[in-house]
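Take a look at the structure set out below.
The values are calculated or read from the model by the stated rules, or taken from the named source; none is laboratory data. Note that the structure is predicted; figures quoted are calculated from it, not measured. Methodologically, a virtual Cβ is constructed for each residue, glycine included, from the backbone with ideal geometry; neighbour enumeration extends over all protein chains shown. With ligands, DNA and RNA removed, areas are computed over all heavy atoms of the protein, side chains included. Shrake-Rupley method; radii C 1.70, N 1.55, O 1.52, S 1.80 Å.
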Amino acid sequence: MTNLLYSLTGLILFIFGFFALIVCAHPLRKILGCNIMASGIFLFLVATSYRADAAAIDPVPQAMVLTGIVVSVSFTAVALILAIHVRKSVPKNPQLGERSRKDEAAS
Amino acid sequence: MKTDSRMQVQKTKMAPLIWVVLLLSTCLTGLLIWTVLKIPRPLPSLAPEVANRLAASGVDNSVTAVLLNFRGYDTMLEVMVFLLGAITIWSIGHAPFPPKIQDTSPIQTAAVRLLAPFVCIIGGYLVWQGSSHTGGAFQGGAVLSAGLVLLLISDFLGVQRVKSLPLRLGFTLGPLVFVGMALWGIIAGGSFLSFAPHQAGALLLLLEAACAVSIGLTLAAFFAGGRPLDDLREEPYSPGQDEGEG
(Lines give C-alpha, C1' and ligand atoms only; values in the text may rest on other atoms or scores of the structure.)
Protein backbone atom coordinates (compact mmCIF):
# COMPACT_ATOMS: atom_id res chain seq x y z
CA MET A 1 0.00 0.00 0.00
CA THR A 2 2.84 2.38 0.76
CA ASN A 3 4.38 2.00 -2.62
CA LEU A 4 1.00 2.67 -4.21
CA LEU A 5 1.12 6.02 -2.41
CA TYR A 6 4.58 6.67 -3.84
CA SER A 7 3.43 5.73 -7.33
CA LEU A 8 0.52 8.14 -7.12
CA THR A 9 2.85 10.85 -5.82
CA GLY A 10 5.07 10.33 -8.84
CA LEU A 11 2.06 10.56 -11.10
CA ILE A 12 0.83 13.76 -9.48
CA LEU A 13 4.31 15.28 -9.81
CA PHE A 14 4.14 14.44 -13.50
CA ILE A 15 0.81 16.24 -13.84
CA PHE A 16 2.12 19.28 -11.93
CA GLY A 17 5.14 19.49 -14.23
CA PHE A 18 2.97 19.06 -17.30
CA PHE A 19 0.67 21.86 -16.17
CA ALA A 20 3.63 24.16 -15.54
CA LEU A 21 5.06 23.32 -18.94
CA ILE A 22 1.85 24.35 -20.67
CA VAL A 23 0.77 27.32 -18.59
CA CYS A 24 3.92 29.19 -17.61
CA ALA A 25 5.40 31.58 -20.13
CA HIS A 26 8.87 32.05 -18.67
CA PRO A 27 11.36 29.60 -20.22
CA LEU A 28 12.98 28.76 -16.89
CA ARG A 29 9.65 27.68 -15.48
CA LYS A 30 9.01 25.47 -18.47
CA ILE A 31 12.41 23.85 -18.06
CA LEU A 32 11.78 23.28 -14.38
CA GLY A 33 8.38 21.84 -15.28
CA CYS A 34 10.08 19.34 -17.57
CA ASN A 35 12.44 18.42 -14.76
CA ILE A 36 9.58 17.86 -12.34
CA MET A 37 7.86 15.68 -14.93
CA ALA A 38 11.01 13.60 -15.24
CA SER A 39 11.39 13.29 -11.47
CA GLY A 40 7.78 12.19 -11.18
CA ILE A 41 8.25 9.48 -13.76
CA PHE A 42 11.39 8.21 -12.03
CA LEU A 43 9.62 8.03 -8.70
CA PHE A 44 6.72 6.24 -10.36
CA LEU A 45 9.00 3.67 -12.03
CA VAL A 46 10.94 2.87 -8.90
CA ALA A 47 7.88 2.77 -6.64
CA THR A 48 5.83 0.60 -8.97
CA SER A 49 8.61 -1.96 -9.29
CA TYR A 50 9.07 -2.38 -5.55
CA ARG A 51 8.23 -5.77 -4.15
CA ALA A 52 8.30 -6.34 -0.42
CA ASP A 53 8.53 -10.11 -0.68
CA ALA A 54 11.45 -10.37 -3.10
CA ALA A 55 14.95 -10.71 -1.73
CA ALA A 56 16.62 -8.59 -4.38
CA ILE A 57 15.50 -5.42 -6.08
CA ASP A 58 14.26 -5.44 -9.64
CA PRO A 59 17.26 -4.15 -11.58
CA VAL A 60 15.71 -3.31 -14.93
CA PRO A 61 13.56 -0.32 -13.79
CA GLN A 62 16.50 0.96 -11.75
CA ALA A 63 18.71 0.88 -14.83
CA MET A 64 15.98 2.64 -16.81
CA VAL A 65 15.76 5.36 -14.17
CA LEU A 66 19.55 5.83 -14.24
CA THR A 67 19.43 6.27 -17.98
CA GLY A 68 16.51 8.65 -17.60
CA ILE A 69 18.31 10.80 -15.06
CA VAL A 70 21.27 11.15 -17.41
CA VAL A 71 19.08 12.11 -20.34
CA SER A 72 17.18 14.64 -18.21
CA VAL A 73 20.45 16.27 -17.15
CA SER A 74 21.43 16.56 -20.80
CA PHE A 75 18.24 18.14 -21.98
CA THR A 76 18.10 20.49 -18.99
CA ALA A 77 21.60 21.74 -19.79
CA VAL A 78 20.87 22.28 -23.49
CA ALA A 79 17.52 23.94 -22.74
CA LEU A 80 19.11 26.32 -20.23
CA ILE A 81 21.82 27.40 -22.65
CA LEU A 82 19.21 27.95 -25.36
CA ALA A 83 17.09 30.00 -22.94
CA ILE A 84 20.10 32.17 -22.08
CA HIS A 85 20.78 32.86 -25.73
CA VAL A 86 17.13 33.58 -26.49
CA ARG A 87 17.14 36.05 -23.62
CA LYS A 88 20.31 37.69 -24.96
CA SER A 89 18.80 38.23 -28.39
CA VAL A 90 15.67 39.96 -27.08
CA PRO A 91 16.92 43.59 -27.58
CA LYS A 92 17.04 42.96 -31.30
CA ASN A 93 13.70 41.19 -31.35
CA PRO A 94 11.38 42.70 -28.74
CA GLN A 95 8.35 40.46 -29.26
CA LEU A 96 10.40 37.47 -28.27
CA GLY A 97 10.18 37.78 -24.52
CA GLU A 98 6.98 39.76 -24.05
CA ARG A 99 4.79 37.20 -22.32
CA SER A 100 7.62 35.86 -20.24
CA ARG A 101 8.49 39.37 -19.04
CA LYS A 102 4.90 39.86 -17.94
CA ASP A 103 5.09 36.51 -16.22
CA GLU A 104 8.29 37.54 -14.47
CA ALA A 105 6.91 40.93 -13.46
CA ALA A 106 3.85 39.34 -11.94
CA SER A 107 5.84 36.94 -9.78
CA MET B 1 -8.96 56.79 14.21
CA LYS B 2 -6.36 54.77 12.42
CA THR B 3 -6.01 55.40 8.76
CA ASP B 4 -6.53 52.37 6.68
CA SER B 5 -3.08 51.92 5.24
CA ARG B 6 -3.48 48.33 4.31
CA MET B 7 -2.10 47.68 0.89
CA GLN B 8 -4.65 46.59 -1.60
CA VAL B 9 -3.69 43.18 -2.88
CA GLN B 10 -4.42 43.06 -6.55
CA LYS B 11 -6.04 39.81 -7.49
CA THR B 12 -4.83 38.49 -10.82
CA LYS B 13 -7.60 36.81 -12.70
CA MET B 14 -6.69 33.55 -14.33
CA ALA B 15 -7.44 33.46 -17.98
CA PRO B 16 -10.29 31.11 -18.91
CA LEU B 17 -7.94 29.03 -21.03
CA ILE B 18 -5.99 28.11 -17.91
CA TRP B 19 -9.19 26.80 -16.33
CA VAL B 20 -9.67 24.59 -19.38
CA VAL B 21 -6.10 23.32 -19.07
CA LEU B 22 -6.67 22.69 -15.36
CA LEU B 23 -9.82 20.73 -16.09
CA LEU B 24 -8.08 18.65 -18.74
CA SER B 25 -5.16 18.00 -16.39
CA THR B 26 -7.54 16.81 -13.70
CA CYS B 27 -9.21 14.43 -16.14
CA LEU B 28 -5.79 13.17 -17.21
CA THR B 29 -4.85 12.65 -13.57
CA GLY B 30 -7.99 10.64 -12.96
CA LEU B 31 -7.37 8.52 -16.03
CA LEU B 32 -3.77 7.81 -15.08
CA ILE B 33 -4.67 6.97 -11.48
CA TRP B 34 -7.29 4.53 -12.73
CA THR B 35 -4.67 2.96 -15.03
CA VAL B 36 -2.16 2.65 -12.20
CA LEU B 37 -4.74 0.97 -9.99
CA LYS B 38 -5.47 -1.50 -12.75
CA ILE B 39 -1.85 -2.67 -13.08
CA PRO B 40 -1.91 -6.45 -12.49
CA ARG B 41 -0.15 -7.43 -9.30
CA PRO B 42 2.23 -9.23 -8.79
CA LEU B 43 4.12 -7.39 -11.50
CA PRO B 44 5.96 -9.38 -14.13
CA SER B 45 9.62 -8.85 -13.47
CA LEU B 46 12.92 -9.90 -15.00
CA ALA B 47 14.77 -10.13 -11.67
CA PRO B 48 14.95 -13.97 -11.59
CA GLU B 49 16.42 -14.13 -15.11
CA VAL B 50 19.00 -11.48 -14.22
CA ALA B 51 19.91 -13.36 -11.05
CA ASN B 52 20.37 -16.58 -13.03
CA ARG B 53 22.75 -15.00 -15.52
CA LEU B 54 24.59 -12.74 -13.11
CA ALA B 55 27.61 -15.03 -12.91
CA ALA B 56 28.12 -14.83 -16.67
CA SER B 57 27.94 -11.07 -16.77
CA GLY B 58 31.27 -10.29 -15.16
CA VAL B 59 30.02 -8.14 -12.29
CA ASP B 60 28.32 -8.92 -9.00
CA ASN B 61 25.80 -6.11 -8.88
CA SER B 62 22.59 -6.74 -10.79
CA VAL B 63 21.95 -3.10 -11.69
CA THR B 64 25.45 -2.68 -13.16
CA ALA B 65 25.06 -5.95 -15.05
CA VAL B 66 21.77 -4.83 -16.56
CA LEU B 67 23.08 -1.34 -17.33
CA LEU B 68 26.35 -2.30 -18.97
CA ASN B 69 26.02 -5.87 -20.12
CA PHE B 70 22.46 -6.98 -20.70
CA ARG B 71 21.14 -3.57 -21.83
CA GLY B 72 24.45 -2.19 -22.99
CA TYR B 73 22.95 -0.82 -26.16
CA ASP B 74 20.82 1.64 -24.20
CA THR B 75 23.85 2.80 -22.25
CA MET B 76 25.84 3.27 -25.44
CA LEU B 77 23.15 5.51 -26.87
CA GLU B 78 22.89 7.33 -23.56
CA VAL B 79 26.60 8.18 -23.63
CA MET B 80 26.07 9.45 -27.16
CA VAL B 81 23.21 11.64 -25.96
CA PHE B 82 25.73 13.22 -23.60
CA LEU B 83 28.08 13.80 -26.51
CA LEU B 84 25.24 15.31 -28.50
CA GLY B 85 24.45 17.69 -25.65
CA ALA B 86 28.09 18.77 -25.50
CA ILE B 87 28.14 19.34 -29.28
CA THR B 88 24.98 21.43 -29.08
CA ILE B 89 26.24 23.56 -26.22
CA TRP B 90 29.57 24.09 -27.91
CA SER B 91 27.85 25.11 -31.14
CA ILE B 92 25.92 27.95 -29.58
CA GLY B 93 28.45 30.24 -27.96
CA HIS B 94 31.59 30.67 -25.94
CA ALA B 95 31.92 29.83 -22.29
CA PRO B 96 31.08 32.98 -20.35
CA PHE B 97 34.07 33.14 -18.04
CA PRO B 98 35.12 36.63 -16.92
CA PRO B 99 38.40 37.66 -18.56
CA LYS B 100 40.05 38.77 -15.34
CA ILE B 101 39.94 37.13 -11.95
CA GLN B 102 37.59 38.89 -9.59
CA ASP B 103 38.48 38.94 -5.91
CA THR B 104 39.13 35.34 -5.01
CA SER B 105 38.67 34.21 -1.48
CA PRO B 106 41.84 32.47 -0.20
CA ILE B 107 39.69 30.11 1.88
CA GLN B 108 37.87 28.93 -1.22
CA THR B 109 41.12 28.43 -3.12
CA ALA B 110 42.70 26.47 -0.29
CA ALA B 111 39.64 24.34 0.34
CA VAL B 112 39.20 23.44 -3.33
CA ARG B 113 42.87 22.67 -3.64
CA LEU B 114 42.58 20.28 -0.70
CA LEU B 115 39.38 18.70 -1.94
CA ALA B 116 40.41 18.06 -5.54
CA PRO B 117 42.52 14.92 -4.91
CA PHE B 118 39.83 13.47 -2.68
CA VAL B 119 37.27 14.01 -5.42
CA CYS B 120 39.44 12.04 -7.80
CA ILE B 121 39.87 9.23 -5.27
CA ILE B 122 36.18 9.04 -4.45
CA GLY B 123 35.17 9.16 -8.11
CA GLY B 124 37.63 6.45 -9.03
CA TYR B 125 36.52 4.29 -6.12
CA LEU B 126 32.87 4.64 -7.10
CA VAL B 127 33.75 3.44 -10.60
CA TRP B 128 35.60 0.46 -9.12
CA GLN B 129 32.85 -0.30 -6.63
CA GLY B 130 30.27 -0.63 -9.39
CA SER B 131 31.19 -4.23 -9.93
CA SER B 132 30.00 -5.38 -6.52
CA HIS B 133 27.94 -2.60 -4.92
CA THR B 134 26.08 0.45 -6.15
CA GLY B 135 28.36 2.49 -8.30
CA GLY B 136 29.72 2.47 -11.77
CA ALA B 137 30.56 4.85 -14.53
CA PHE B 138 27.74 7.36 -14.11
CA GLN B 139 28.05 7.72 -10.37
CA GLY B 140 31.83 8.10 -10.51
CA GLY B 141 31.57 10.47 -13.45
CA ALA B 142 29.08 12.64 -11.57
CA VAL B 143 31.46 12.97 -8.61
CA LEU B 144 34.34 13.81 -10.95
CA SER B 145 32.24 16.45 -12.65
CA ALA B 146 31.36 17.97 -9.27
CA GLY B 147 35.08 18.35 -8.58
CA LEU B 148 35.64 19.92 -11.98
CA VAL B 149 32.78 22.37 -11.42
CA LEU B 150 34.36 23.33 -8.09
CA LEU B 151 37.60 24.05 -9.91
CA LEU B 152 35.80 26.04 -12.59
CA ILE B 153 34.07 28.40 -10.18
CA SER B 154 37.08 28.91 -7.95
CA ASP B 155 39.00 30.98 -10.51
CA PHE B 156 41.68 28.47 -11.32
CA LEU B 157 42.79 29.91 -14.61
CA GLY B 158 44.46 26.72 -15.74
CA VAL B 159 41.10 24.97 -15.65
CA GLN B 160 39.17 27.76 -17.32
CA ARG B 161 41.67 28.15 -20.13
CA VAL B 162 42.14 24.49 -20.99
CA LYS B 163 42.67 23.93 -24.68
CA SER B 164 39.94 22.68 -26.89
CA LEU B 165 41.60 19.58 -28.35
CA PRO B 166 42.09 17.64 -25.07
CA LEU B 167 38.48 18.41 -24.20
CA ARG B 168 37.26 17.07 -27.52
CA LEU B 169 39.29 13.91 -27.05
CA GLY B 170 37.93 13.52 -23.54
CA PHE B 171 34.33 13.91 -24.65
CA THR B 172 34.64 11.28 -27.33
CA LEU B 173 36.69 8.79 -25.29
CA GLY B 174 33.66 7.13 -23.71
CA PRO B 175 31.56 6.72 -26.85
CA LEU B 176 34.56 5.57 -28.90
CA VAL B 177 35.56 2.92 -26.36
CA PHE B 178 31.96 1.78 -26.20
CA VAL B 179 31.65 1.44 -29.96
CA GLY B 180 35.06 -0.23 -30.08
CA MET B 181 33.93 -2.82 -27.53
CA ALA B 182 30.74 -3.39 -29.48
CA LEU B 183 32.71 -4.06 -32.66
CA TRP B 184 35.16 -6.22 -30.69
CA GLY B 185 32.16 -8.31 -29.75
CA ILE B 186 31.59 -9.00 -33.43
CA ILE B 187 35.28 -9.66 -34.17
CA ALA B 188 35.77 -12.05 -31.25
CA GLY B 189 32.88 -14.20 -32.43
CA GLY B 190 29.47 -13.41 -31.01
CA SER B 191 27.24 -10.52 -31.76
CA PHE B 192 27.31 -6.76 -31.49
CA LEU B 193 28.15 -5.70 -27.92
CA SER B 194 28.51 -9.17 -26.51
CA PHE B 195 31.11 -9.91 -23.84
CA ALA B 196 32.59 -13.34 -23.38
CA PRO B 197 31.91 -14.37 -19.77
CA HIS B 198 35.53 -14.94 -18.78
CA GLN B 199 36.59 -11.55 -20.14
CA ALA B 200 33.51 -9.57 -19.23
CA GLY B 201 34.76 -8.27 -15.87
CA ALA B 202 37.92 -6.72 -17.25
CA LEU B 203 36.22 -5.34 -20.35
CA LEU B 204 33.44 -3.77 -18.31
CA LEU B 205 35.93 -2.11 -15.97
CA LEU B 206 37.81 -0.62 -18.91
CA LEU B 207 34.53 0.55 -20.39
CA GLU B 208 33.41 2.10 -17.10
CA ALA B 209 36.70 3.93 -16.60
CA ALA B 210 36.59 5.47 -20.07
CA CYS B 211 32.93 6.42 -19.70
CA ALA B 212 33.52 7.96 -16.24
CA VAL B 213 36.22 10.28 -17.61
CA SER B 214 34.03 11.25 -20.52
CA ILE B 215 30.95 11.78 -18.34
CA GLY B 216 32.87 13.93 -15.86
CA LEU B 217 34.23 16.18 -18.59
CA THR B 218 30.88 16.43 -20.36
CA LEU B 219 28.97 17.39 -17.22
CA ALA B 220 31.58 20.03 -16.41
CA ALA B 221 31.27 21.34 -19.96
CA PHE B 222 27.49 21.53 -19.50
CA PHE B 223 28.20 23.78 -16.53
CA ALA B 224 30.76 25.86 -18.38
CA GLY B 225 28.17 26.60 -21.03
CA GLY B 226 30.11 27.01 -24.22
CA ARG B 227 33.21 26.31 -26.19
CA PRO B 228 36.66 27.47 -25.06
CA LEU B 229 38.03 30.71 -26.41
CA ASP B 230 40.72 29.16 -28.57
CA ASP B 231 38.57 26.62 -30.35
CA LEU B 232 40.06 24.91 -33.38
CA ARG B 233 39.86 26.55 -36.77
CA GLU B 234 38.08 29.60 -35.53
CA GLU B 235 38.74 33.27 -35.98
CA PRO B 236 40.21 35.04 -32.96
CA TYR B 237 37.61 35.81 -30.37
CA SER B 238 36.26 39.34 -30.28
CA PRO B 239 34.41 40.30 -27.11
CA GLY B 240 30.76 40.95 -27.82
CA GLN B 241 30.48 38.47 -30.67
CA ASP B 242 28.10 36.36 -28.62
CA GLU B 243 25.74 39.20 -27.78
CA GLY B 244 22.81 37.93 -29.78
CA GLU B 245 21.95 37.53 -33.41
CA GLY B 246 20.53 40.30 -35.50
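Observations on the model:
- Using the alpha-carbon positions of chain B, Rg (one decimal) and Dmax (whole number) come out as 25.2, 95 Å.
- The shape of the protein assembly as shown comes out oblate: with a ≥ b ≥ c from the C-alpha gyration tensor, a/c is at least 1.5 while a/b does not beat b/c.
- Sites A:Q95 and B:V162 - FRET efficiency at Förster radius 51 Å, r taken between beta-carbons, to 0.05: 0.85
- Among residues other than A:A63 with Cβ under 12 Å from its Cβ, the summed charge is -2 (Lys and Arg +1, Asp and Glu -1).
- In this structure the range B:82-214 gives 53 Å² per residue of accessible area when probed at 1.4 Å with all protein chains present.
- HN-Hα J in Hz across the range B:140-145 - Karplus 6.51, -1.76, 1.60, θ = phi - 60°, x for Gly and Pro: x, x, 5, 5, 4, 5
- Sequence-ordered 3J(HN,Hα) estimates for the range A:5-16 from the Karplus curve with 6.51, -1.76 and 1.60 and θ = phi - 60° stand at 5, 5, 4, 5, 4, x, 5, 5, 4, 4, 5, 4 Hz, glycine and proline given as x.
- Subset of A:K30/A:K92; A:K92/B:K163; B:K100/B:K163; A:K30/B:K163 violating a 26 Å alpha-carbon distance limit: A:K92/B:K163; A:K30/B:K163
- Mean partner shielding of peptide A:50-57, defined as the number of other chain Cβ atoms within 10 Å of each residue Cβ, is 3.
- Shown for the range B:43-60: residues covered by the partner protein chains by 20 Å² or more of accessible area relative to the chain by itself (probe radius 1.4 Å), namely B:L43, B:S45, B:L46, B:A47.
- Highest mean first, the peptides B:69-77, B:160-168 sorted by other C-beta atoms within 10 Å per residue fall in the order B:69-77, B:160-168.
- For B:H94, the residues whose modelled amide H falls within less than 5 Å of its own, excluding neighbours fewer than 5 places apart on the same chain, are B:R227.
- Mean Cβ count within 10 Å, highest first, over the residues of peptides A:48-59, A:31-42: A:31-42, A:48-59
- Take each residue of peptide A:3-14, count the partner chain Cβ atoms within 10 Å of its Cβ, and average: the result is 2.
- Taking θ as phi - 60° and the Karplus parameters 6.51, -1.76 and 1.60, the scalar couplings of the range A:60-69 work out to 5, x, 5, 5, 5, 5, 4, 4, x, 4 Hz in sequence order, x denoting glycine and proline.
- A simple spin-label model places the labels of B:D230 and B:Y125 3.6 nm from each other, with each point 7 Å out along Cα-to-Cβ.
- Theoretical ellipticity at 222 nm over the protein assembly as shown - DSSP helices of four or more residues, -39500 (n - 2.57) apiece, nearest 500: -22000 deg cm²/dmol
- Around B:L46: net Lys/Arg minus Asp/Glu count, Cβ-Cβ under 12 Å: 0
- Within the shell defined by Cβ-Cβ distances under 15 Å, the residues around A:F16 carry a net charge of +2, with Lys and Arg each +1 and Asp and Glu each -1.
- R0 of 30 Å, Cβ-Cβ distance A:L82-B:L32: FRET efficiency to nearest 0.05: 0.50
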